[in-house]
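Worksheet: one structure, shown below.
The values are calculated or read from the model by the stated rules, or taken from the named source; none is laboratory data. As the structure is a computational prediction, the values presented were derived from the model and not from experiment. Ideal geometry is used to build each Cβ from the backbone, glycine not excepted, and the neighbour counts take in all protein chains shown.
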Amino acid sequence: MAEGEWEQAPVRKKHLDRNSEGTDDRPLENGMDEEEPNFSDAEDFIDDVTDDELLGDLLKQKPSEAVGIDSVVVVDNIPQVGQERVSKLKNVIRKIFSKYGEIITNFIQKKMEKLKANVLKVSYPFLYSYGDIPDDWQPPEKQSFVDHCNLRWRRNDRHLKNTPSEGVLVEARKRWTETFVRWSPLGSFLATMHQKGIALWGGEKFVQIKRFAHPGVQLIDFSPCERYMVSFSPVLGVNEEPLAIIVWDTRTGYKKRAFHCETACQWPIFKWSPDGKFFARLSSDLLSIYETPSCGLLEKKSLKIPGIKDFGWSPSENILAYWTPEAKDSPARVTLLEIPSRKELRVKNLFNVGDCKMHWQTQGDYLCVKVDRVTKSKKVQSCNFEIFRIREKLFPVDSVELKEVFCFQQSFIELNVFSILYRRNKEKKQANSVFWSPTGQFVILAGLRKEHFMATDVEWDPSGRYVVTGVSWWSHKVDNAFWVWNFQGKLLQKCAREKFCQLLWRPRPKSLLDKEQVKEIKKNMKVYTKQFELKDRQNLTKASKEQIEKRQKMLTDFQSLQEYLEETFKGLKEERLHLRGGVDTDRFDSNFEELEDEEEVEFFLGEEITEIDEFEYE
């Protein structure tokens, strides 16, 4: 019952009392003279329903008294008194500290040796270690710095500047992972999955950075800034203590917070804001938004949104978009919400909605909402695309309607272009997937298992220059391989690998150039193109610097050996003339007629007879 109803209850009772006494014969507001029924319990009524039966799920969330470091107060240097005055000293200490909170247990001991035994009775681990502190303070030992390598060394990597024509093996290890691997969003970490948890590797030599103990982990996700990592383990999801989903700090390796898993059908469960300051999850009629680094609820409460179906963050700003279906007389709604102020920036009402899919442009300039329109019989009739212009005032919305029935659809927005894949009735489906280049200049309309037979994966490299198609062992047990193509569709390499499972391009770090510098470079691209073409020709005709030095050394050694053999050959000329009867054979034309007689030989190769009509040219 709301607070206003509690405040009105005495007034209603007083009004009924006046009517019973006959002091007020005015009719009630609804025009009826009947008295309101009394719903109060009888005097002899006994309520035998316990709070656990009515509010069992809520009582589980009831805060409990903390028993740990935060609830322990150690008072040192208290007066030394005799045994007969100990009780009085306890009362004084209790009186002083009782105004700060309820005191559950207090005790006093003269000797620190006895303090340990008493501490174990009350289960205070903080006090248990208090007895080990020496009387004389000693400064802590200086810890040596542990260098976890430079995670940004790739900015000086030459392979980022110009990709070599052939792949270069960087690192290979046996049993590096037990299931699969995952790159962090900026490519700083390589995560490997193990039965006992997760390991992060990084640096030029891929040394181990951190380990995270989470037995049975199956799924992981990173925040866009790489500061936090989320892991999921269904093995620990059955415990009362929240251990199924854990948020980790990748720098320190500490567990920030753990959650229960309500449903594992959708991953990632948490969706991150672009700056990594907020992450949110969807539950029944609730949208819970958490803030970092505390990982607590924003404003200590969730947003109650009846019927919310899906949501998504803008890739560039802390703007959240969500949609709710139609309910009774209320239309479906798409809402843009600003975080952390929770201010509604734009609301779009939609009617006859069967389903909605939201797609953000990578720069956050546009939001495309695909709306399936349905009839009263819930049959899909048409499809609308509602395009929100985020950068313009009042967030105007453009609508694009397609009346053809969609059998398959996939859309993705890149730059100022979005693609739609569909087929009309009675048409063959030539393509079943769309894959955009990271730069947005090229798009692949793929018929998987057609051009590359049984292909299961398509992966663009971060530069948009190469694309890989592969047949994973997880889907097919035979013909496992991956093919490398360039953006022009030319097949560059075929790599057959037994039990090939996964191929992931390493993400590139963000550019250090701002928008103005990038614009200036594009404007003067013709100037830089000549330099790049010259370097490309050098790379095509020459090997790397190490190979050039090696070849130069080999050439120098060969020339030195050649000169040595020529000098030796000249020094033995007199001996050769003596052995050959004075004939100089160092030259091919010397005394050639005396050494060899000329003989002419003719070979019959064949005979060909062609008949010519004498009247043909007349």
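Table for the structure above
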quantity: Residue check for Lys348: over 26 Å from the mean Cα position of the chain (by Cα) and exposed (fewer than 15 other Cβ atoms within 10 Å of the Cβ); calculated: no
quantity: Count of residues meeting criterion [crowded, with 18+ Cβ neighbours inside 10 Å and within 15 Å of Pro340 (Cα to Cα)] in the range 282-297; calculated: 3
quantity: Unique match (being out of contact with any Lys or Arg (no Cβ under 9 Å at 6 or more places or on another chain), assigned to a helix (DSSP H, G or I) and modelled with pLDDT under 75) among Glu611, Glu607, Glu602, Glu594; calculated: Glu594
quantity: Selection within the range 325-347 - among the hydrophobic types (A, V, I, L, M, F, W, C), touching a strand residue (DSSP E or B) at 6+ places or on another chain (Cβ under 6 Å) and assigned to a strand (DSSP E or B); calculated: Ala332, Val334, Leu336, Leu337, Leu345, Val347
quantity: Unmet requirement for Tyr322, which otherwise passes all of (1) assigned to a loop (DSSP other than H, G, I, E, B); (2) within 20 Å of Ile269 (Cα to Cα); calculated: (1)
quantity: Matching residues in the range 489-511 - criterion: being of a type in the set (A, V, I, L, M), at pLDDT below 90 and more than 22 Å from Gln441 (Cβ to Cβ); calculated: Ala496
quantity: Residues that are surrounded by 10 or more Cβ atoms within 10 Å (Cβ to Cβ), modelled with pLDDT under 90, among the polar types (S, T, N, Q) and more than 27 Å from Trp153 (Cβ to Cβ), drawn from the range 525-563; calculated: Thr529, Gln552
quantity: Residues (over 15 Å from Asp249 (Cβ atoms) and surrounded by 21 or more Cβ atoms within 10 Å (Cβ to Cβ)) located in the range 202-225; calculated: Gly202, Val217
quantity: Of residues in the range 302-337 being touching a Cys at 6+ places or on another chain (Cβ under 9 Å) and either modelled with pLDDT of 95 or more or buried (at least 18 other Cβ atoms within 10 Å of the Cβ) (or both), the one farthest from Phe279 (Cα to Cα); calculated: Ala332
quantity: Gln381 vs. criteria touching a strand residue (DSSP E or B) at 6+ places or on another chain (Cβ under 6 Å), polar (S, T, N, Q) and over 28 Å from Val230 (Cα atoms); calculated: yes
